[in-house]
């Protein structure tokens, strides 16, 4: 009996040690990677902040180094990274934090700290009466953020993206179906560090033509893609791509770009390729664009077949993959050096180098 008890105690000690090692491993991992633990907001979260009453946040000058050259946002006790998400509204020059807190008055009672001149305003939008809020920071231009989560605060730094990327594309969802494509495009593109993507919007809040054009200019975009659907005769069913037939671009221009997107999207979605058409003159962004630009319609809202497909996640996902394939293939033509470097690297691996 004594031997049996001792064996059980040994097993208990071993399991306790294993649990401790795993727990400490997770703790150290989270501490080492705290700068990337804040996830991006979902479309539902982004939409929840639209047309919500707000109040101004109290921004104070740095105290003891806190907030110097950064933005420091206090957090309630117990608010972990799982309860925080962010959104970059590139075309609006805004940075949003969604925080699932407990005290609805927390940001009435607590200040944020910063000396950053690019922050033009800061507001708090209560999303309910339980402490869930959206903190919205308006910036004076196009910036990217880097967040770091501490024990009781979030530190945010802002950087100008100018000149940091060789391949830049602006993606513009023009309707609700276009918005459904965005999460799938992001899932693919976020893992590709060779292409930088800016989205005009990720919620149903519409973006003006002027702001879209400003985003294209500020980001120094190489390509511009509108995504959505068309409203035409019920007999039309499939993918159609529209281009600017007025502005001529040497080498890889509007027609070649549109054709690449058309073929890649129709192939990925296993549906009809209806061909290329000149965009309507009232599509101001594409008509005014001086970079390769296209509008990819993934279906016709009047077609029974397309309307059914719009409700199928796999169809939306396949169309998104096709659009991404078209963008990537286009950049391989625009910047062939990238392809040569990739081929050289692959050859090096084959040769054992």
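Legend: ranking of residues 179, 223 from fewest to most surrounding C-beta atoms inside 10 Å; resulting order 179, 223.
Rounded, prolate or oblate: which fits region 39-159 when a ≥ b ≥ c are the square roots of the eigenvalues of the alpha-carbon gyration tensor, with rounded for a/c under 1.5 and prolate only if a/b beats b/c? Kindly include the intermediate steps, with their values, before the conclusion.
Details: a/c = 1.42, a/b = 1.11, b/c = 1.27.
Rounded shape, in that the Cα axes give a/c under 1.5.
Ranked for footprinting exposure by Cβ neighbours inside 10 Å, fewest first, 124, 319, 264 give 124, 264, 319.
Hey, could you grab the Kirkwood Rh for region 209-271? Inverse mean 1/r over distinct alpha carbon pairs, Å, one decimal. In region 209-271 this quantity evaluates to 13.8 Å.
Taken over the alpha carbons of region 168-338 as equal point scatterers, the Debye sum produces base-10 log I(q)/I(0) values at 0.08, 0.10, 0.16, 0.18 Å⁻¹ of -0.20, -0.32, -0.88, -1.15. Using the Cβ-Cβ distance between residue 220 and residue 191 with R0 set to 30 Å, the FRET efficiency from 1/(1 + (r/R0)^6) comes to roughly 0.85. Given R0 = 22 Å, the distance between the Cβ atoms of residue 206 and residue 284 translates into a calculated FRET efficiency of 0.95.
As a rough footprinting exposure proxy, the listed residues 225, 156 were ranked by other beta carbons within 10 Å of their own, and the order from fewest upward is 156, 225.
Just so you know, all these numbers are worked out from the coordinates, no wet-lab data involved. None of these values were measured; they are calculated from a predicted model. Glycine gets a Cβ as well: all are built from the backbone with ideal geometry, and neighbour counts include every protein chain shown.
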